[in-house]
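Take a look at the structure set out below.
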Amino acid sequence: MLVLPKAQAQCSYPPEPGVTPNFRVFIPNTTQELPFLCPGTTVELRDASGRTLDPLQVYYKLTDGTTCFPAFSFLPSDATNTLVIPANQPAGTVRIHQLTPKPNNAAGGVLFVREFQVRPRPTIPPLTLNSCGVGRDRVQVRIPPQSGVQYFVQIGNGPRSAGTPDGGIYPTNGATTLTVFANYTDFAQCESASSAQPIPTTAPQRPVLQQLQVRGTNLEFTFAAPGLQPQFTYQLLQGTTAVATVPVAPSFTLTNGALSSCYTLQLRDACGDALFTSDALCPVSLTATAGNRRTELTWNVPGGSALSGFDIRRDDQLLASVGPGVTAYTDSLVTCGRSYRYRVVAKVGSATSVSDEKTATTVATSPPVSPQLTASFTLTNSVELAFLRPARDTADRLLVQRTLGGSAPQDVALGRRAPFLDQPGAVSLAQVPCYTGRFRDPCGTLSAPGPAVCPPVLEARSSDRDGNDIQLRWSAPTGQGSGWTYRLLLIDAQGRELVGTPLPATATDFVVSARPSDPQILRYRLEATAAGTGTKVFSNVAQVQRTVRIVVPTAFTPNGDGNNDILTVKGLFLTNLTFTIYDRNGVVVFRGTERNQGWDGRINGIQAAPQVFSYQVDVLDETGRRVTQRGTVTLLR
């Protein structure tokens, strides 16, 4: 701003008659007069009094806004028409004093002063630089605007271009730096410059939609690593229409997103160019309807993405995987009365689109299917009940009733898991246990009774005094197969098979001969196998206990002729044997604990005289019962 001189008011310089002193300040070598001063610049001073003056007799001095003559003096060297405003000159008011000769070369001089405002060089605020284009061949420069200040941009060492505060775009021409200049619109020579700043070179990466998930009326998008780049802006497109600007974050939620269109993410640079667009993800719209012991799932996906298939998830677990053309699925592995949560996941390469979660509670409009059971005896003569085929719904509860012979049906208490065990008690051909089962589902609906099943029952008895011939009779299994074939199993006390004998297919009785080497207690079990299915069941274990037999000769002749020289115990089932011989006085003359141990007729190494001795044989049978036999034996010579 031009400040008019107020010499008399500012500094008390005496007036010179006939002289109206004045001077003006210009940009050197121009006609542009300066309204103010700028630190670090050179100004040209021109006398404006209208007199013709010798330039070597015109003096100018710069002082602050408070200094007046004679506080300073002019030197001959001060004769000049230019002044340099110090670079460190603070903003504010300064004074330029002029000294010119008096008219007619009179002694002394004419002093004149003008005040000027020193305006600081314009500051350059922080810039925002953004590269543009796939090849980064342009740069956008955003400069915060300042009133009365204009900007110029220089790319590398190229020419200056006018700066645009709202974001000018300039070709880089391969340069890697830029400089911004700022000056006043009314004084371009008062200028500041930024140091050379590097042009950003971050390369744009194609954005990747990793997942689209429907959450109620909203759509949640997740972006694949390394995520979005802060140097760029992103537009979410529904079809071809931009519906949102996406912030740089790992995910983004679009409220009230439409399920009828596919979505892409578009990367835009600072120049507004759309550089890359992601592959499309399309939302999955799922419906879950509860049916009779099943859930019907249907879904829809708008066309626009390369589907590779669907994963169906129930309660956060994978239930099934189906092909890309499938849009429905029936879940029949459900339990009546239970609620299930479903999602359908569309697979698009490594990306996924997840439906909203739908809940369906299974209902039952028909009774459960009747159970199919098998009944077989265990080695301990309990009856084991199992499913002939797996139950359709593992939550259905099995209810079983048992009849024994002609008895009334009786409820059987069962555990929660198959196989189930029942202890029917003593069984016989007249007391065959039979079982009828029903299912009750969690909704309380009962199935019709399944077929009654009866395990085979075996009876065994000895048909001779010594138990060598065993009469066997049995009942065929019912309700669990047909075309039965049988094997008779002789087992030991631990249930291991000793002998297996095939039986006639149509027989219900059989006589088997026991061998002397067979156990004392004969344990028989019937193995029945159904034709076609191969279902195998077993009868109860039927036992026949044979009698321990002890045979001791009435006389023996220990005369060394090799015939009847040793007295031994013979018989069957002689375990834990003790053989003791007493003389007529009851003194023990021999004791043996092994079957092959016998008495040779000697007492303390001396042959005994012929006489009658008594003996006692003690054995334990297979049941642990002690059997004792006493008698006499005559020693002959």
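Here are the numbers for the structure shown:
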item	result
Neighbours by Cβ (under 7 Å, 6+ apart or cross-chain): first from the range 1-25, at pLDDT 80 or above; second assigned to a loop (DSSP other than H, G, I, E, B) and among the hydroxyl-bearing types (Ser, Thr, Tyr)	19/49; 20/49; 21/49; 22/49
Matching entry among 185, 82 (being free of Cβ contacts under 8 Å to residues at least 40 places away in the same chain, within 30 Å of residue 48 (Cα to Cα) and over 60 Å from the mean Cα position of the chain (by Cα))	185
Candidates 575, 557, filtered to the one that is among the hydroxyl-bearing types (Ser, Thr, Tyr), modelled with pLDDT under 90 and more than 30 Å from residue 389 (Cα to Cα)	575
Residue in the range 166-184 that is in contact with a Leu (Cβ under 7 Å, 6 or more places away or on another chain) and in a loop (DSSP other than H, G, I, E, B) present	no
Residue in the range 213-224 that is aromatic (Phe, Trp, Tyr), open to solvent by less than 20 Å² (accessible area, probe 1.4 Å) and in a loop (DSSP other than H, G, I, E, B) present	no
Qualifying positions in the range 320-346 - crowded, with 17+ Cβ neighbours inside 10 Å and part of a strand (DSSP E or B)	329, 331, 340, 342, 343, 344, 345, 346
Filter result for the condition that a residue is open to solvent by 30 Å² or more (accessible area, probe 1.4 Å), over 30 Å from residue 209 (Cβ atoms) and either in contact with a Ser or Thr (Cβ under 7 Å, 6 or more places away or on another chain) or of a type in the set (A, V, I, L, M) (or both), over 413, 375, 386	413
Yes/no for residue 168 being surrounded by fewer than 16 Cβ atoms within 10 Å (Cβ to Cβ), over 48 Å from the mean Cα position of the chain (by Cα) and touching a residue at least 12 places away in the same chain (Cβ under 8 Å)	no
Enumeration of residues in the range 571-627 that are charged (D, E, K, R) and either farther than 19 Å from residue 518 by Cα or open to solvent by less than 80 Å² (accessible area, probe 1.4 Å) (or both)	583, 584, 591, 594, 600, 602, 618, 621, 622, 626
Filtered residue count, the range 92-130, keeping only those that are open to solvent by 10 Å² or more (accessible area, probe 1.4 Å), in contact (Cβ under 8 Å) with a residue 24 or more places away in the chain, not β-branched (Val, Ile, Thr) and not in a strand (DSSP E or B)	6
Enumerated strands (runs of 3 or more DSSP E) restricted to the range 494-555, each holding at least 2 residues that are open to solvent by 90 Å² or more (accessible area, probe 1.4 Å) and touching a residue at least 60 places away in the same chain (Cβ under 8 Å)	542-545
Any hit, the range 131-143, residues being surrounded by fewer than 16 Cβ atoms within 10 Å (Cβ to Cβ) and of a type in the set (Ser, Thr, Tyr)	no
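The values are calculated or read from the model by the stated rules, or taken from the named source; none is laboratory data. Values in this document were obtained by computation on a predicted structure and should not be read as measured data. A quick note on method: Cβ atoms are made from the backbone with ideal geometry, for glycine too, and the neighbour counts reach across all protein chains shown. Just so you know, the surface numbers come from the protein's heavy atoms only, side chains and all, with ligands and any DNA or RNA stripped out. Shrake-Rupley method; radii C 1.70, N 1.55, O 1.52, S 1.80 Å.
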